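Beneath this line is the structure, given in structure tokens, with notes to follow.
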Amino acid sequence: MYYIKKNEQIEGFKEIFEKEEISKISYKLKQDYILLRQIGITLHNFTYDIEIAGYIIDSIKNKYDIETLSLRYLNLELSRFIKKEEKEVQLDLFNMLEEEGEEEKTRDCIYVYAINKLYEVTKKMMEEQDEFKLFQDIEMKASEVLAKMQYTGIKIDKEELIEYGRKIKLEIDEKTKKIYELCGQEFNINSTKQLGKILFEDLALPVQKKKKSGYSTDVEVLEKLKNEHPVIEQILEYRQLMKLNSTYVEGMLPYINTKTKRIHSYFHQTVTATGRISSAEPNLQNIPTRFELGKILRKVFKPEKRKYIYRCRLFTN
């Protein structure tokens, strides 16, 4: 389901979508959940998602879209019948989506056929591999929780985030001046070529790694040089500040939903081979805490009144 508009035809299925006793078998059920919630329908009983089934069968593969799965397990090339979707983009939550045209309706009918066939084949494969219980009891239950998490999102104080970015830029300016002072000249700190020349020719620091393109100035190299010159520590901190600004200020601002004032990050189940959940657009699982400005960033995320945001870790033997 890619397009949805509030109308009597869709609302006629409300009872079916919401009834716990009716199994829901689809492709990208989390997406269906979000689309339906926009028009007041809450999808219940996530029974079978063929994307997740494909991942359980072979977590090493990196593609689980319906076209790939159909070719892999049904020997059915969907592109012969429909035009392949362009690169998928994050759903624009809480905005009315377009009505389907004839082309989309044809595609959806073919998808329904493929989903039904893939359900039969992949279910049998998981049962043969003794993986169906894992799929049913863990992955599908987690999928429903993750769908609710994405729909709910996390509240963020936009003005506080902008102010945080302003403070980082001031810190970047101070670090830049300090680096120029220690090096005795101005240059483009973000240029590997210019930085390499300053460190290994002008300051004559010991070369750690050299490529065809010039001196390497990656983190590993700089960490080895920390005791050689005080500018190294300043450069490492400068890079951390630049990443904070680009990834967590300028990078997150576009993802704040204009209607909900929240960030609705994707939570993926089929990206990592280890089974770990991953977050994207933006990644909310990697908010830094290694130094003070990183810890301050977490304060822009706000819980509802009389609620708290807890950070916990699960340790296993």
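Things to note:
- Length released on extending from THR68 to GLN136, taking residue separation times 0.36 nm less the Cα-Cα span: 22.2 nm
- Placing R0 at 22 angstrom, the Cβ-Cβ distance between LYS148 and GLU11 gives a FRET efficiency of 0.55 after rounding to 0.05.
- TYR180, TYR308, TYR255, ranked by accessible area, largest first (probe 1.4 Å): TYR308, TYR255, TYR180
- Helix content alone sets the calculated 222 nm mean residue ellipticity of the chain: runs of n ≥ 4 DSSP H residues at -39500 (n - 2.57) each, divided across all residues, give -13000 deg cm²/dmol.
- Zone residues, the stretch 240-266, relative to LYS158, backbone N less than 20 Å from point 7 Å out along Cα-to-Cβ: 245-266
- Inter-label distance, nm, simple model (7 Å from Cα along the C-beta direction), LEU182/VAL112: 6.5
- Summary of the geometry: the stretch 9-82 and the stretch 169-222, compared by the centres of their Cα atoms, lie 50 Å apart.
- Taking all protein chains as shown and a probe of 1.4 angstrom, LYS133 keeps an accessible surface of around 140 Å².
- Charged side chains reduced to their Cβ positions (Lys and Arg at +1, Asp and Glu at -1) give the chain a dipole of some 1140 debye around its Cα centre.
- Under the span-like rule (Cα at least 20 Å along the axis, Kyte-Doolittle mean at least -0.5), DSSP H helices of the chain: 231-248
- Residue-level accessible surface for GLU223, protein heavy atoms, 1.4 Å, Å²: 90
- With all protein chains modelled, accessible area of ASP218 [1.4 Å, Å²]: 50
- At an R0 of 22 angstrom, the distance between the Cβ atoms of SER278 and VAL219 translates into a FRET efficiency of 0.50.
- Computed over protein heavy atoms with a 1.4 Å probe, the carbon and sulfur contribution to the accessible area of the chain reaches 50%.
- With 25 Å as the limit on Cα-Cα distance, the pairs of LYS178/LYS211; LYS167/LYS210; LYS30/LYS133; LYS63/LYS209 that go past it are LYS178/LYS211; LYS167/LYS210; LYS63/LYS209.
- Chain lengthening between GLU128 and ASP173 when straightened (0.36 nm per residue, less Cα-Cα): 10.1 nm
- If the chain linking GLU228 and GLN194 were pulled fully straight, counting 0.36 nm for each residue of separation and taking away their Cα-Cα distance, it would gain 10.4 nm.
- Relative contact order (%) - the stretch 160-317, alpha-carbon pairs under 8 angstrom, separation at least six: 19
- Listed pairs LYS123/LYS148; LYS261/LYS295; LYS261/LYS305; LYS261/LYS307 exceeding 19 Å between Cα atoms: LYS123/LYS148; LYS261/LYS295
- Across the options THR270, THR258, TYR248, the greatest Cα extent toward the positive end of the charge dipole of the chain (unit charges at beta carbon of Lys, Arg, Asp, Glu) belongs to TYR248.
The values are calculated or read from the model by the stated rules, or taken from the named source; none is laboratory data. Predicted model, so just to flag it, every value in this text is computed and none were measured. Methodologically, a virtual Cβ is constructed for each residue, glycine included, from the backbone with ideal geometry; neighbour enumeration extends over all protein chains shown. Please note that ligands, DNA and RNA were not included when accessible areas were found on the heavy atoms of the full protein model with its side chains. Shrake-Rupley method; radii C 1.70, N 1.55, O 1.52, S 1.80 Å.
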